[in-house]
Structures are given as structure tokens and as C-alpha cells.
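*Asks:* Okay, here's the structure, questions in a sec.
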Amino acid sequence: MLVPLRPDERWSLDFVSDQLADGHRFRILAIVDDCTRECLALVADNGSEFTSNAILTWADQNRVEWHYIAPGSVSRDIACNVDFAPTFLDYAGLPVPSYMQGRSMRPVLEKRTPADWEQLTYHRYWMHNDEIHECWAHYGVRDTRYKLIYWYNDDLGQLGARPNGAPPEWELFDCDKDPHELTNVAADPAYAGIFKDMLAKLDAKMAEIGDVPEHDSVAVLAGLAA
């Protein structure tokens, strides 16, 4: 890879981790200009290292803007990792390309969440039972209360994935009543309506982004009604 010779020619982003003097570890996402090494943004969890008045004082003196949800406050707004890039471009005053997925989180961070903000996130893990993570293939959606997951458990011929013959399985969690996700209510008749609603949200999101489902919703709903 060639070394960029001009600012703004190429930016890189990656997660980096470090450790505080008290042994507390943290991880941040850094976005850096590969030519000037200027750091555009740092995104991290709001751990104790972000409650320091010294850091906030330094940021104020150096005119560094902080855009985060203050520790101790609660936000139920949902965002996804595809929202990071539009957010960075928004704060930089640059246009968001039409082909880019996601939406700027700037109004959410500034506590003026739009009325049409989509309170839903989608996730997919492809590498079924790979040697490093040993996580099984699945996808799902999460709204402000419920999480629906389909463990399709198929390697789909992906390089590095390993078939293990595991049967597919649905999981549904009521995250208000069960925040640690210990009770799967996918087969609970009391949640049949919720399951159907979350399945519709999953189908709509997969169709929107062009992902190919491994489930048959007609068959799933027929089994639910049986």
C-alpha cells in the first residue's frame, strides 16, 4: 500500500486498546489521517475514564468538541455501526455519499432525536463455528424492548466456517423484563404477537439492505399458528 503524500488523501480507522494506571482496560475506535496522523475522532464506551474533569477541562481549553451521552444518563435511542461514517462526515461538514448506508447520529448525540429515527438495529454473523470465535451463524433485530435472533447454524460454504450439524433455532427476548437475556420466549404463546411483529421487522430490514434470509417466514408463521 502506497504512503499518502497529501492530507485527506486517505483515512484509516481501527480499534486500539490501552490500560489505565489502576489496571482498567478500555478500547476506542480511532480515525486517523494517514498522511498527517491527525486524529479525526475517538469513539468509545462511556467508562470511568470519561468522567474526569481534567479531560473535560483540557477539551474545553483546546476547543475539542465532545459528542457523547454523559455517564449516568440513559438513552433508549438505537444506532448501528453503519451510522458512524455518516456521523463523522456530518461533523466534518462534508456530504454523505448516496451509496453510503446509515444515518448521522449527530441529532441523537445532541439530544434532539428526530421523530422518524429508526429505533431498530440489525446484526449478522456469518462465520459459523469458526476456529477463533466458535460462534454459530445467526442474524437478528433489536428494537427498544425486544430482540429476535435466528440461529440458522449453516456454514454456507464460507471459507473458515465449520459445519457441525446444529439445528436452526429462534430466540426472542423481552429485554425490559429479562435484561440479561436468560429466558427465550420465542415459543411462549403470550409472545406470539410480538414474535410476528419482530419477524416482520427482520424481513423488512433484510429486504432493505439486500441480505438473503435463511428462514422461510411463511413456514415460520404457519408453525406459530399450529
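Here, each number is a calculation from the coordinates, and none is a lab measurement. Just so we're clear, the structure is a prediction, and the values are computed from it rather than from any experiment. Heads up, the Cβs are rebuilt from the backbone with ideal geometry, glycines too, and the neighbour counts pull from every protein chain shown.
*Asks:* Based on the Cβ-Cβ distance from T57 to Q119, what FRET efficiency comes out when R0 is 25 Å, to the nearest 0.05?
*Replies:* It comes out at approximately 0.10.
*Asks:* Can you pull out the trypsin sites (Lys or Arg not before Pro) in region 93-156 that DSSP calls coil and that have at most 14 other Cβ atoms within 10 Å?
*Replies:* K111, R112, R145
*Asks:* Right, something else. Return the whole-Å distance between the Cα centroid of region 121-140 and the Cα centroid of region 151-226.
*Replies:* 13 Å
*Asks:* Express the relative contact order of region 137-226 as a whole percentage, based on alpha carbon pairs under 8 Å and six or more residues apart in sequence.
*Replies:* Reported as a whole number, the value is 23 percent.
*Asks:* Where a Cα-Cα gap under 17 Å defines reach, which aspartates and glutamates qualify for K147, not counting those fewer than 8 residues away within the same chain?
*Replies:* D77, E118, E169, E171, D174, D176, D178, E181, D188, D197, D203
*Asks:* Using the Karplus curve 6.51 cos²θ - 1.76 cosθ + 1.60 with θ = phi - 60°, what ³J(HN,Hα) values do you get for each residue of region 123-133, in whole Hz, with x for Gly and Pro?
*Replies:* 9, 9, 10, 8, 7, 4, 6, 5, 5, 7, 9
*Asks:* What is the local net charge at S217, summed over the other residues whose Cβ is closer than 13 Å to its Cβ (Lys, Arg +1; Asp, Glu -1)?
*Replies:* Result for the local shell: -1.
*Asks:* Okay, moving on. Around L120, with a cut-off of 10 angstrom between Cβ atoms, what is the net charge of the other residues, counting Lys and Arg +1 and Asp and Glu -1?
*Replies:* On the way: positive: R142, K201, K205; negative: E118, D143.
Neighbour charge sum, excluding L120 itself: +1.
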